[in-house]
Amino acid sequence: MRDCTLDLEKSGQLLRIKTPVDPNLEMAEIHRRVYDAGGPALLFEQVIGSPFQAISNLYGTNERTRYLFRDTLAKVQALIEIKNDPGKLLSQPFKSLGSAFTALHALPQRRHFRKPILYGQTSIDQLPQIKSWPMDGGAFITMPQVCTEDPEQRGVMHSNVGMYRIQLSGNDYIPNKEIGLHYQIHRGIGVHHEKYKSLQKPFPVSIFVGGGPAAAFAAIMPLPEGMSELTFAGMLGGRRFGYFRQNDFLMAADADFVITGYVKENVMKAEGPFGDHLGYYSLAHDFPVMEVTGVYHRKDPLWHFTVVGRPPAEDSSFGWLIHEIVRDLTPIEFPGLVEIHAVDAAGVHPLLLAIGQERYMPFREQRPEEILTISNRILGSGQTSLAKFLIIAAQQGTQMPSTHDIPAFLQHVLKRVDWRRDLHFQTQTTIDTLDYSGDGWNAGSKLVIAACGPELRSLNSNVPSGLVLSAPFSNPQLWQAGVLVIQMEPYSASTVEQAKIQEFARSIASFDWTGIPLIVLVDDSQFTVATTNNFVWVTFTRSNPSHDVYGVDEFIEHKHWGCNGPLIIDARIKPHHAPVLEVDPAVSRKVDGMFGRGGELEFLSQK
């Protein structure tokens with residue numbers, strides 16, 4: 001990590017902040033402003049309350065992320081191409097030879113002598129106690145690499161490394177002795193935890209911070225179950241991952257910090273709240289507790305952290321890089337799938353856009369068939385199974401808009417979708433742990449919108465003339481052609497709101513809705529239509545399909561729900577939703593000085 005810092009500094013992509021900065025909210029506020037300005041990586045030389053320096057915004061732009069892996073990214077992509085098409089071993093032998101050397105880096109290297117991580121030991125309270133948002137329950141590690149092993153197949157090749165957040169302080173944790181371990185559904189650590197419980201063995205955990213920049217990225221890479229992330233870290237890092245074993249713990253030899261400990265048996269404590277990547281707090285819930293046995297660090301270490309919040313944020317570059325690496329594997333993992341986009345601005349899991357092939361019966365009038373099969377595959381596979389809204393369109397010609405052009409893609413869908421046929425709900429199911437739009441923790445519903453065939457309508461580019469709204473509805477705004485956003489008074493009780501919206505749908509049934517297939521009800525229509533990011537964030541993070549989707553002239557036929565008029569989505573904040581992330585005003589005013597005239601970061605205030 002220190003070498004990476006010097007490399008970025010030489011290329012003008014790093015800024016040293018020499019002013020002492022408080023890790024309680026101030027460092028996070030500086031990070032957010034620099035990220036928003038497209039600024040450099042940040043090296044905090046004086047972290048108040050800690051002897052250690054800290055670095056953030058390492059992956060702050062896609063360009064810098066590519067720069068970090070400039071020597072290895074193409075080789076990893078080539079290796080994946082060969083996995084996708086083994087025939088390239090013969091057709092491109094020289095390129096394949098380079099891929100073979102890349103594959104050799106996947107083998108972790110056991111260290112017997114060079115172990116920089118054992119330079120010194122410290123305590124939890126001496127680490128930078130970074131708190132990002134005012135309501136956070138304490139300080140957190142936001143770039144951890146949490147390493148566990150399969151107790152039945154111990155060894156580095158059977159390890160799992162995941163980025164599961166770690167709470168260092170606050171709540172009821174015993175200072176310096178306990179830390180909180182947060183992990184969610186569809187996480188590899190859960191498989192290991194369950195095995196240790198069934199075997200009644202102590203569950204050892206090692207938490208790495210820092211090391212080469214590939215290590216942190218490997219921790220979030222969606223690899224097949226049973227494949228160690230340390231192999232991928234070696235390939236992307238361009239050198240074998242160095243490790244050694246110390247008692248029960250697998251240690252990263254080149255990490256900046258390693259925390260070791262055991263998960264306490266049958267002990268749970270409240271973890272959180274934590275300002276998370278959907279743009280809301282994840283609330284306090286009981287999670288496992290880790291009893292700390294050691295905190296190790298290398299010489300001159302750097303505490304690697306990020307600040308999560310409403311996207312886009314630094315971790316958005318992770319999604320971009322994952323797409324760059326695995327796009328050629330998409331047809332293998334999802335046969336018939338042409339393109340997929342987990343929409344970062346909507347918090348990733350709440351909204352998935354996809355394009356699929358429709359080849360089942362090309363000799364007759366086209367209707368959604370194969371794309372429904374593809375949708376089931378998507379919702380039944382790993383991380384994509386957490387999608388809440390999946391909007392999929394059949395590939396049609398060379399002018400098909402990309403899913404990454406969100407307005408154009410949604411217009412393509414809205415011109416073709418048939419609300420009588422193309423809505424497919426899953427109820428009483430799991431959604432992302434961090435998504436509080438459902439009716440319980442991890443509980444909610446899903447909606448697949450599948451569209452194909454010729455255009456059914458032209459989209460209206462204006463608020464329909466003659467539309468008259470009365471309380472509690474007001475301020476109609478067009479987000480884009482075909483999408484009307486209407487402001488509604490704050491949400492109260494669910495039964496009352498349901499009746500209001502159903503009555504609203506009945507009252508407008510006779511109105512001419514030609515060219516307006518979608519209506520979204522929101523708390524603030526002006527804010528919602530201001531940007532595409534605002535629209536997708538509000539619409540898809542604040543609605544639960546089974547509870548918040550209505551329709552004009554709706555019906556149920558043989559258990560299939562549909563509507564003859566516009567679809568209505570209630571995307572207002574509900575009482576059970578988590579609070580929206582907001583900056584502390586006093587901290588913001590204090591940080592203003594660093595960005596103001598004569599301040600250390602004045603140059604960024606012009607961006």
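The values are calculated or read from the model by the stated rules, or taken from the named source; none is laboratory data. Only a predicted model underlies this, so the values are computations on that prediction, with no experimental measurement involved. FYI the Cβ positions are ideal-geometry reconstructions off the backbone, even for glycines, and counts take in every protein chain you see. These accessible areas exclude ligands, DNA and RNA; they are computed on the full protein's heavy atoms, side chains included. Shrake-Rupley method; radii C 1.70, N 1.55, O 1.52, S 1.80 Å.
So, by mean Cβ neighbours within 10 angstrom, what's the order for 489-495, 72-78, 546-552 with the highest one leading? Walk me through the numbers on the way to the answer.
Numbers: 489-495: 12.4, 72-78: 17.9, 546-552: 20.0.
Ranked from most to least packed, the peptides come out as 546-552, 72-78, 489-495.
Amide H to amide H, which residues 5 or more places from THR293 or on other chains are under 5 Å from it, using H placed in the peptide plane?
Distant-sequence amide H within range of THR293: THR260, GLY261, TYR262.
Using amide H atoms built in the peptide plane, which far-off residues or other-chain residues are under 5 Å from PHE203 H to H?
VAL263
State, to one decimal in nm, how far the label point of LYS201 lies from the label point of GLU557, with both points 7 Å from Cα in the Cβ direction.
5.8
Could you check how much of the accessible area of segment 245-378 is carbon and sulfur, as a whole percent, using a 1.4 Å probe?
Values: 2530 of 5000 Å².
Looking at segment 245-378 in its full context, I get 51 percent from C and S.
When the accessible area of segment 440-588 is computed with all protein chains present and a 1.4 Å probe, what percentage of it is carbon and sulfur? Write down the numbers at each step before the final one.
Details: 3330 of 6350 Å².
The C+S portion of the solvent-accessible surface of segment 440-588 is 53 percent.
Tally up the carbon and sulfur contribution to the accessible surface of segment 11-64 as a whole percent, 1.4 Å probe, everything protein left in place. Walk me through the intermediate numbers first.
Details: 840 of 1740 Å².
Ligands and nucleic acids excluded, carbon and sulfur give 48 percent.
If you take every residue apart from VAL485 with its C-beta less than 14 Å away from the C-beta of VAL485, what net charge results, scoring Lys and Arg +1 and Asp and Glu -1?
Numbers: positive: ARG542, ARG572; negative: ASP523, ASP524, ASP570.
Neighbour charge sum, excluding VAL485 itself: -1.
Report the extension gain between SER474 and ASP524 in nm, rounded to one decimal, defined as 0.36 nm multiplied by the number of residues separating them, less their alpha carbon distance. Walk me through the intermediate numbers first.
Numbers: separation 50, 0.36 × 50 = 18.00 nm, distance 0.98 nm.
Going from the current span to full extension adds 17.0 nm.
If each residue of separation counts as 0.36 nm, what is the full-extension length gain between ALA37 and ARG421 once their alpha-carbon separation is subtracted? Can you show the working numbers first?
Numbers: separation 384, 0.36 × 384 = 138.24 nm, distance 4.47 nm.
Full-extension gain reported as 133.8 nm.
Ordered by residue, what ³J(HN,Hα) values in Hz, to whole numbers, does segment 430-443 give under the Karplus form 6.51 cos²θ - 1.76 cosθ + 1.60, where θ = phi - 60° and Gly and Pro are x?
8, 10, 4, 4, 7, 9, 9, 7, x, 9, x, 6, 6, 10
Within straight cross-link reach of LYS18, meaning Cα distance under 25 Å, which lysines are found once same-chain residues fewer than 8 apart are removed?
The qualifying lysines are LYS10, LYS131, LYS299, LYS590, LYS607.
With +1 on each Lys and Arg Cβ and -1 on each Asp and Glu Cβ, and nothing else charged, work out how big the dipole of the chain is about its Cα centre, in Debye to the nearest 20. Walk me through the intermediate numbers first.
Working: 55 positive and 65 negative charges, 307 e Å.
Dipole of the chain, to the nearest 20 debye: 1480 debye.
Between GLU455 and ILE332, what length in nm is gained on full extension when 0.36 nm per residue of separation is reduced by their alpha carbon distance? All intermediate terms of the calculation are to be shown ahead of the outcome.
Working: separation 123, 0.36 × 123 = 44.28 nm, distance 3.04 nm.
Full extension from GLU455 to ILE332 adds 41.2 nm.
How do 114-121, 387-394, 125-132 rank on mean C-beta neighbours within 10 Å, highest first?
Values: 114-121: 15.0, 387-394: 24.9, 125-132: 21.9.
Sorting 114-121, 387-394, 125-132 by mean packing, highest first, produces 387-394, 125-132, 114-121.
Using +1 at the C-beta of Lys and Arg and -1 at the C-beta of Asp and Glu, which of GLY238, ASN160, TYR436 has the Cα lying farthest in the positive direction of the dipole of the chain?
GLY238
Would you calculate the separation in nanometres between label points at ARG589 and ASP71, each defined as 7 Å from the Cα along the Cα-to-beta-carbon direction?
The two pseudo-label positions are separated by 4.9 nm.
Beta carbons within 10 angstrom, averaged per residue: use that to sort the peptides 235-245, 46-56, highest first. List each step's numbers first, then the result.
Values: 235-245: 20.8, 46-56: 18.5.
With the highest mean Cβ count within 10 Å placed first, the list reads 235-245, 46-56.
Quick check: the distance between the Cα centres of segment 245-260 and segment 113-145, to the nearest angstrom?
14
Within the chain, what is the longest stretch that has no GluC sites (Glu not before Pro) placed in a DSSP loop and near at most 15 other beta-carbon atoms within 10 Å? Walk me through the intermediate numbers first.
Values: sites that count: GLU45, GLU152, GLU225, GLU365, GLU369, GLU455, GLU582.
Result for the longest clean stretch: 226-364.
Say the dipole of the chain comes from +1 at the beta carbon of Lys and Arg and -1 at that of Asp and Glu; which of LEU567, PRO464, GLY453 then lies farthest toward its positive end?
GLY453
Go through segment 421-510 and name the trypsin sites (Lys or Arg not before Pro) that are in a DSSP coil and have 10 or fewer other Cβ atoms within 10 Å of their Cβ.
Working: sites: ARG421, LYS446, ARG457, LYS500, ARG506; in loops: ARG421, ARG457.
Answer in residue order: no site qualifies.
Per-residue HN-Hα couplings for segment 530-538, Karplus 6.51 cos²θ - 1.76 cosθ + 1.60 at θ = phi - 60°, whole Hz, x for Gly and Pro?
3J(HN,Hα) across segment 530-538, in whole Hz: 4, 9, 4, 4, 4, 4, 5, 5, 5.
With label points built 7 Å along Cα→Cβ from the Cα atoms of LYS10 and PHE113, find their separation and express it in nm.
Between LYS10 and PHE113, the simple spin-label model gives 2.7 nm.
Over what distance in Å are the Cα centres of segment 344-392 and segment 152-166 separated?
After rounding, the separation between the Cα centres reads 31 Å.
Can you tell me how segment 393-479 classifies by the Cα gyration tensor, rounded, prolate or oblate, using a/c under 1.5 as the rounded cut? The partial results should precede the final answer.
Numbers: a/c = 2.04, a/b = 1.13, b/c = 1.81.
It comes out oblate by the Cα gyration axes.
Which of the three applies to segment 430-565, rounded, prolate or oblate, going by the alpha-carbon gyration tensor with a ≥ b ≥ c and a/c under 1.5 meaning rounded?
Values: a/c = 1.34, a/b = 1.22, b/c = 1.10.
Since a/c stays below 1.5, the shape of segment 430-565 is classed as rounded.
Taking LYS269 as the anchor, which aspartates and glutamates have their alpha carbon closer than 15 Å to its alpha carbon, excluding any fewer than eight residues away along the same chain?
LYS269 reaches ASP172, GLU178, ASP286, GLU291.
Quick one: accessible area per residue over the chain, 1.4 Å probe, rounded to a whole number of Å²? Can you show the working numbers first?
On the way: 25250 Å² over 607 residues.
With all protein chains present, the chain gives 42 Å² per residue.
Mind sorting out which of (i) 164; (ii) 177; (iii) 223 is the real volume of the Cα convex hull per residue in Å³ computed from the coordinates?
(ii)
Let's see if you can work this out: charge +1 on each Lys and Arg Cβ, -1 on each Asp and Glu Cβ, no other charges. What is the dipole magnitude of segment 1-69 about its Cα centre, in debye to the nearest 20?
On the way: 8 positive and 9 negative charges, 30 e Å.
Once rounded to the nearest 20, the dipole reads 140 debye.
Suppose every Lys and Arg Cβ carries +1 and every Asp and Glu Cβ carries -1, with no other charges. What dipole size does segment 452-559 come out with about its Cα centre, to the nearest 20 debye?
On the way: 5 positive and 11 negative charges, 20 e Å.
Dipole about the Cα centre, nearest 20: 100 debye.
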